[in-house]
1. Could you please give the count of residues in the range 41-79 that are within 16 Å of Ala173 (Cβ to Cβ), in contact with a Pro (Cβ under 9 Å, 6 or more places away or on another chain) and part of a loop (DSSP other than H, G, I, E, B)?
2. Please enumerate the residues belonging to the range 59-81 that are hydrophobic (A, V, I, L, M, F, W, C) and either surrounded by 24 or more Cβ atoms within 10 Å (Cβ to Cβ) or modelled with pLDDT under 95 (or both).
3. Within the range 125-223, considering only helices (runs of 4 or more DSSP H) that don't extend past its boundaries, which have at least 1 residues that are of a type in the set (Ser, Thr, Tyr)?
4. Six or more apart or on different chains, Cβ atoms under 6 Å: show the pairs whose first residue is in the range 26-51 and within 18 Å of Glu226 (Cα to Cα) and small (Gly, Ala, Ser) and whose second is modelled with pLDDT of 95 or more and in a loop (DSSP other than H, G, I, E, B).
5. Could you please let me know if Ala163 is over 27 Å from Ser76 (Cβ atoms) and free of Cβ contacts under 8 Å to residues at least 12 places away in the same chain?
6. Please work out if Asp218 is more than 16 Å from Glu36 (Cα to Cα), crowded, with 16+ Cβ neighbours inside 10 Å and under 17 Å from the mean Cα position of the chain (by Cα).
7. Which of the following residues is of a type in the set (Val, Ile, Thr), in contact (Cβ under 8 Å) with a residue 40 or more places away in the chain and surrounded by 19 or more Cβ atoms within 10 Å (Cβ to Cβ): Ile131, Ile121?
8. So which residues in the range 83-118 are in a helix (DSSP H, G or I), in contact (Cβ under 8 Å) with a residue 60 or more places away in the chain and either within 17 Å of the chain's Cα centre (by Cα) or on the phi > 0 side of the Ramachandran plot (or both)?
Amino acid sequence: MPELSIVDILHGHESPVEWLIPDFLPMGSLVMLGGEACTGKSYLSYTLSLALATGTPVLGWDLSPRRVLYFDQENSRADCIQYLRWAWNGLGQPDIELADENLRFVHFGLSGAAWPSQMAIYVNSHRPQLIVVDTTTPACDITDENDNAEASRTVLHFRQIQALGSPQPTILALKHARVNSQAVQGTRRYTLRGAKAWEGMADSVIFQLRAPGHPRSDGLTNTRLEPAKTRAFGLRKSLYIEPTWTPDHEGLVLQQVTAPIPRRHRRKASTGRSGASARPAAPPVEPPDKLIIFPNKTYDPE
């Protein structure tokens, strides 16, 4: 029933929330993950999805295996495969059978205005605890992301899809962000691109932002997760992430660091007079010989 018992609520002592990822993703919430292009939103989401599907610790969080449904309407097939291989190796190659059982990956499986019914078919089939939408504008066939009415309808569709599950799944929806040029000093500089309803109707809004400074010499970027909106439960403090390659360069590890780590400065080439030499360039990343992708089959709703 939609009505809540005030007596039961106020006399109850059990926690009203179950966590998918402690102090980050509560069960049944709608979380918007925003950021500018190339800040690593997709790779972070791939890593979290694979870690959650296999119960592998990541970024300091201890996780239990959960069912994950990932819709990617943003990245090419080649990028998707590479991200999954990097994440799997970066997580220490967790149980591949458990990954195949719990993680369903749908690549460009949504089309046009029928996306809610198509998504519902996948949700009813897989019964996930986490649904990732990468990214919202193409996945949900948004024609005008500045239209509050269209944004509101999309969020209501998300809520209806969540209602299909018991317990209701969490939706992590990726969205591009923009710099707020009118922000005054001391206020937030970033907003989700488009209508205000994207932020207003979500339970939580988190931005993935680049660390200040020059690019790192290895081509990677330090970032931080910055909570912009949190209701009763969710991320409440900044979380700093430093990516590193595995020694064989076949995996990309995301590590939580306790203090802001500025992006490493490139050393200028020596003129030869001081005897100093420039740091050698990082070796190129060679793709593994073996192709790994989860799941190992594709399917379409009928």
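The values are calculated or read from the model by the stated rules, or taken from the named source; none is laboratory data. Quick caveat: nothing in here was measured; it's all calculated off a predicted structure. Quick reminder, even Gly has a Cβ in these numbers, built from the backbone with ideal geometry, and neighbours come from all protein chains shown.
1. 2
2. Filtering the range 59-81 down to residues hydrophobic (A, V, I, L, M, F, W, C) leaves 59, 61, 63, 68-69, 71, 78, 80-81.
If the condition is that a residue be hydrophobic (A, V, I, L, M, F, W, C) and either surrounded by 24 or more Cβ atoms within 10 Å (Cβ to Cβ) or modelled with pLDDT under 95 (or both), then Val68, Leu69, Phe71 are the ones that fit.
3. On the way: elements: 136-139, 148-162, 197-200.
Here the list reads 136-139, 148-162.
4. Ser29/Asp203; Ser42/Asn75
5. Yes.
6. On the way: more than 16 Å from Glu36 (Cα to Cα): yes; crowded, with 16+ Cβ neighbours inside 10 Å: yes; under 17 Å from the mean Cα position of the chain (by Cα): no.
Answer is no for this residue.
7. Working: Ile121 fails: surrounded by 19 or more Cβ atoms within 10 Å (Cβ to Cβ).
None of the other options fit; the residue is Ile131.
8. Leu84, Arg85, Trp86, Ala87, Trp88, Gly90
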